[in-house]
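Here is the structure we will look at, set down as structure tokens.
We did not get these values from a lab; they are worked out from the coordinates using the rules stated. Since this is a predicted model, take the numbers as computed values, not measurements. For neighbour counting, all protein chains shown are included, and Cβ atoms are generated from backbone atoms with ideal geometry for every residue, glycine included.
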Amino acid sequence: MTDQWNLGAAKLAGATNNRDLLIGPHRRLVDAWFSDVPGPEIAGDVAALLGQVLRHRRGTTGHSNSYLTLRLYDRGLPLETLRRANLDVATFGLHEHRVTLGPDWAPDWLRGDGRWIDMACTSPDNFEGPEGVVSTFARHDMAVPVDPSVAAIAGIDTYRSRSQASAVRAAALAPAGSTLHVVLPTGTGKSLVGIAPGLLARTSVTVVVVPTIALALDQERQLHQRFPNQGLPQELAYYGDRAATEREAIKERLREGTQRVLYTSPEALVTGLAQTLRRLAARGELSHVVIDEAHLVRTWGLSFRPEFQVVASLIAELREVARAQGVAPPHVELLTATLSRQGLLLNDELFAGADTSLFVGSTYLRTELRYLFAPPVPNEARLDRVVEALHHLPRPAIVYTSKKESADTLAVRLREAGFGRTAVFHGDVHADDRLEILRAWSGDAGPTSVDVVVGTSAFGLGVDQSDVRSVIHACVPASVDRFYQEVGRGGRDGHAAVSVWMPSTADAQEGRSIENATVLGDKKSWGRWDAMRTARISADPTRRELVVDTSTVPPWLSHASDSNQLWNRNTLVLLQRAGVLDIVDTPPPTLERAEDESEADWQKRVDTAWSAYVTRATVRIRSGIANVDEATVLRAIDKVRREIRYSEAGSRDRIERMFRLDECWGSILSEEYAYDEVGAMRAHQVVAPACSGCPAAAHVHEPSLRAARPVVQEAPLPLLHRGVSPTLASMASSGRSLVVTYPEGDLRIHLAELVTKAVTHGVRGILASASLTGLPAVVGAGRSAPEGLVAIDPIIAGPPRTFPIPTLVLLDRTDPPQLSWLAGEAGSLRIVVLPEDTPDPQYPGQPVKAIRFPHWTLSYFLRSL
């Protein structure tokens, strides 16, 4: 990008041009150069950025003789630090130096192709490779037309893929109370899936549970930018460190149903927000609960962040409260970029219960990433390697460690080496400091001042910084899934990025000890169950049922709390997972108002009854379990723990296979995410191997350095089991096809009435000829749906389509009907509207109206509705 080179060089030489025109490493270099930080403290940062900018210049032009003329002494930069970055520094005149690229960095301990670093440095521009110009962009255009309702709120022209369209539609149109599992690769638009349905519904609240406060703050910032006209309140993130007045304002808006969207952590959800959300659910105003980064439920929720799984207990309560009040229970969406078979099964078991489960997944291996590897060495030698590598790797960069102490130690070493633009990001960092780090890293609110973030594998970053060019692992993640999730922070803009894995000889055991932490303390599990059983509300020995009070306080606690209540419920869920008992429906309270009872007394009695109801759980002991005593509970917990460890064994084995450097990593990674007919939702994913570069002997290298092309299997919209009104079902004779014919010119005259009535009676999809899709009546169809969305697709050539939702098929003379539309035996109702003389596809000599039943004329159809 010549303009960036010229602008940056001129700015460094003292020009007064606006630095806001600079982007990427050119901006970071200028920001560092003109910062107030003393030169020696950021000498390593400046050296690395100079190397990146010069490599970018070489990569885009094919010439290696470019140079930058700088006053290094005036800036206080030691020349030796630049030379450590393999930069040649020569005196130029009295006060300046010329800086050029020296020999390429190629340490004997690094496995892989060093040119992959050049590719990452050249991003996002084209790279002059050994066989000509190569794009650093690795994604392929899979865009499809966006539904007009979504375009109106999000300001976008297309969905990024058919899979994203399917996910948004499923989230908005699935039955109330259903659980939707969404797996979409990083950068393909999961955030829209979580937010759009609630905004479309207009009068409801969506709560998004995110793993870190950092992500909550980042999403709050981005949502205001992406949806500026939705009337969202300023505070969209609820967390403990937020000012008390702001937290109370959020709660008040939740009580009023005007908050629209709220981001929060699992801990805040199950403590400070639980009671407010129960009231919201009881009024039917909580439409969606979204679990972001849902793969973490299994890993974090089993050990140091158990609230991830306790969230499932609260969601079960919220559904029960809504149903008992006769209102729609919330939809639940679990979003992630990757999800193993074991993770999917656990999430469905925890969150779906007896409700409908749906799956929309399209996992394919991201080919923006190229992998380098350093064989294990002692920890001190590994620290030296990380410092050395960061003199050469492109920015922004993330360094992952397994422990907070390791992150702190590494950050100190980096700063001592002149990398002052380094920040530490883990659970002990205060929320205000996290927000400041995010701003300093992204440069959204001023000059950048952070290029390298050191974070823990356990806590993660979860931040949507699209241009991360390097991800270093100074640890061994305990599973392939964790490794792949973390390297996925690189190259989110679709351009080349590099992963560098630098384990130490002590890392493997450390990673496993974190992953294999206990599910829930053995003694505490038994103590909670024993306390609830002892204080039971009622028992029915013949049905083997107990009604227990989940607010019961175990012996080691002194007072009741929302957190304690949900921990008790989580204990019941754990025993259910182990096959000891089943949690069954608890009948809601039935109250009658006395004739002489005042409104205040009646409301107080109702509130008391419902407050008691949400603390009650009915459990049925399974046959074959003689007594749920301490030994039974401890065996149950041990069973769950062994199942978890067994399910992790395959993923740990894949980590060890990657270490051996025999098999292409793309093949190993693909095994982690492929599954067939999993769970009640019959989830299916085919993940083809794809790898743009790895250090394994079996990797087939592409001489041109072009990115591999992944095989993408798009996810269709699953069958949503939506019905239509009794009137419309009767007109279709309870079948799956209904034919409506119109004389020449009549369809456009009556189109608005037809669309409005069809949607009012349960239609949620429109499949239309190209001449009809852009008409106002079709574009505005979502206004007649309570969900705010009608899925609109143009007719295109291809295999016979399915009808997962009731659909209005609008045909002009250019599009003949398919036989499967007229004689459907599966899927939802389709109303096929076509010209009255259209020939039948099976019997071409006869018109459709003479062959297909039921058949209605357009005028009679509209009168009957």
Inset, instruction - Can you check what the net charge comes to around Pro806, using other residues whose Cβ is under 11 Å from the Cβ of Pro806 (Lys, Arg +1; Asp, Glu -1)? - result: +4
Legend entry - FRET efficiency, 1/(1 + (r/R0)^6) with R0 45 Å, evaluated for Ala560 and Ala626 via beta carbons: 0.90
Inset, instruction - Please state the charge dipole magnitude for region 106-246, taken about the Cα centre, from unit charges on C-beta atoms (+1 on K and R, -1 on D and E), reported in debye and rounded to the nearest 20. - result: 620 debye
Inset, instruction - Please name whichever of Thr448, Gly284, Pro587 sits farthest to the positive end of the charge dipole of the chain, dipole taken about the Cα centre and charges placed at Cβ: Lys and Arg +1, Asp and Glu -1. - result: Pro587
Inset, instruction - Could you list the residues of region 361-405 with an amide nitrogen less than 16 Å from a label point located 7 Å from the Cα of Gln713 in the Cα-to-C-beta direction? - result: 361-366
Legend entry - Neighbour-count ranking [beta-carbon atoms within 10 angstrom, fewest first] of Lys604, Lys849: Lys604, Lys849
Legend entry - region 726-864 - percent relative contact order, Cα under 8 Å, separation 6 or more: 35 percent
Inset, instruction - Provide the gained length on full extension for the span Asn18 to Glu597, in nm with one decimal, where the gain is 0.36 nm per separating residue minus the Cα-Cα distance. - result: 201.1 nm
Legend entry - Listed peptides 609-616, 433-440 by packing density, highest first (mean Cβ within 10 Å): 433-440, 609-616
Inset, instruction - List, largest first, the extents of the alpha carbons of region 726-864 along their principal axes, each in whole Å. - result: 41, 33, 30
Legend entry - Surface/4 estimate of mean projected area, convex hull on alpha-carbon atoms of region 162-361, nm²: 10.1 nm²
Legend entry - DSSP-defined antiparallel bridges as percent of all bridges, region 370-484, nearest 5: 0 percent
Legend entry - Förster radius 25 Å - calculated FRET efficiency between His721 and Leu819, Cβ distance, rounded to 0.05: 0.55
Inset, instruction - Take the alpha-carbon positions of region 37-156, form their convex hull, and give its projected area averaged over all directions (one quarter of the hull surface) in nm². - result: 12.1 nm²
Legend entry - For region 338-418, the fraction of alpha-carbon pairs in successive 10 Å shells from zero, as %: 12, 31, 20, 21, 13, 2
Inset, instruction - Positive end of the charge dipole of the chain (Lys, Arg +1 and Asp, Glu -1 on Cβ, about the Cα centre): tell me which of Trp116, Ile851, Thr61 has its Cα farthest that way. - result: Ile851
Inset, instruction - Please say if the chain is rounded, prolate or oblate, where rounded means a/c under 1.5 for a ≥ b ≥ c the square roots of the C-alpha gyration tensor eigenvalues, and otherwise the choice is prolate for a/b larger than b/c and oblate otherwise? - result: oblate
Legend entry - Taking region 175-289 and dividing mean pair separation by its residue count, relative contact order in percent (alpha carbons under 8 Å, at least six apart): 37 percent
Inset, instruction - Please get the size of the charge dipole for the chain, origin at its Cα centre, with Cβ charges of +1 on Lys and Arg and -1 on Asp and Glu, quoted in debye to the nearest 20. - result: 680 debye
Legend entry - Unit charges at the beta carbon, dipole of region 2-103: most positive-side option, Gly14, Thr100, Gly39: Thr100
Inset, instruction - Compute the convex hull volume of the Cα atoms of region 571-640, divide it by the residue count, and report the result per residue in Å³ as a whole number. - result: 103 Å³
Inset, instruction - Treat every Asp and Glu Cβ in region 162-361 as -1 and every Lys and Arg Cβ as +1, leave all other atoms uncharged, and give the resulting dipole magnitude about the Cα centre to the nearest 20 debye. - result: 420 debye
Inset, instruction - Report relative contact order for the chain in percent, whole number only (criteria: Cα-Cα under 8 Å, sequence separation at least 6). - result: 14 percent
Legend entry - In the chain, lysine pairs with alpha-carbon atoms under 23 angstrom apart (chain gap of 8 or more, or interchain): 4
Legend entry - Calculated log₁₀ intensity ratio I(q)/I(0) where the Debye formula runs over C-alpha points of region 522-641, q = 0.15, 0.18, 0.23 Å⁻¹: -0.70, -0.93, -1.34
Legend entry - When the convex hull of its Cα atoms is projected in every direction, mean area for region 2-103 (nm²): 6.1 nm²
